[in-house]
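The values are calculated or read from the model by the stated rules, or taken from the named source; none is laboratory data. Here the structure is a predicted model, which is why all the values come from computation and not from measurement. Positions of Cβ are backbone-derived with ideal geometry, glycine not excepted, and every protein chain shown enters the neighbour counts. Protein only, heavy atoms only, side chains kept; ligands, DNA and RNA dropped before computing areas. Shrake-Rupley method; radii C 1.70, N 1.55, O 1.52, S 1.80 Å.
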Amino acid sequence: MKLIVIEKFVLDKMKSFADENDIEINELKNNTRLIGGTGLLDSMDLVRFIVELEEALEDDFSLEVSLTSEKAMSRSTSPFINISTLSKYIKELADE
């Protein structure tokens, strides 16, 4: 699976998630921060988004992944920082 396809998919899912959950987004790009002080999502929103994203990846691409595995949590840099880091992590899992 190509990174550009994953990035577009994650961006589209984030836009839908934000609309459904009344999360205000001025502009959504690959470097838009998802977590942290200036992030779009609080901890509960992040959990809900990840669950929805995992389900969508399985439905649309037949890709079964656990984005919150020990592998993700033990990284020195979180894969959930922004759309780009999350997309790269999904690609890594898809390539395994």
When segment 43-82 is checked residue by residue, the ones that are aliphatic (A, V, I, L, M) and in contact with a strand residue (DSSP E or B) (Cβ under 9 Å, 6 or more places away or on another chain) are Ile81
Candidate set from segment 1-42 (those that are more than 14 Å from Phe80 (Cβ to Cβ), among the basic types (Lys, Arg) and not in a helix (DSSP H, G or I)); member that is most open to solvent (accessible area, probe 1.4 Å): Lys2
Between residues in segment 57-82 that are surrounded by fewer than 12 Cβ atoms within 10 Å (Cβ to Cβ) and residues that are in a loop (DSSP other than H, G, I, E, B), which pairs lie under 9 Å by C-beta distance while being six or more apart or on different chains? none
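Surrounded by 15 or more Cβ atoms within 10 Å (Cβ to Cβ), assigned to a helix (DSSP H, G or I) and touching a residue at least 12 places away in the same chain (Cβ under 8 Å): is that true of Phe49 in this structure? Write out each step before concluding.
Values: surrounded by 15 or more Cβ atoms within 10 Å (Cβ to Cβ): yes; assigned to a helix (DSSP H, G or I): yes; touching a residue at least 12 places away in the same chain (Cβ under 8 Å): yes.
It is true that Phe49 is surrounded by 15 or more Cβ atoms within 10 Å (Cβ to Cβ), assigned to a helix (DSSP H, G or I) and touching a residue at least 12 places away in the same chain (Cβ under 8 Å).
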Odd one out for Ser84, checked against (1) closer than 21 Å to Ile4 by Cβ; (2) within 13 Å of the chain's Cα centre (by Cα); (3) not in a helix (DSSP H, G or I): (3)
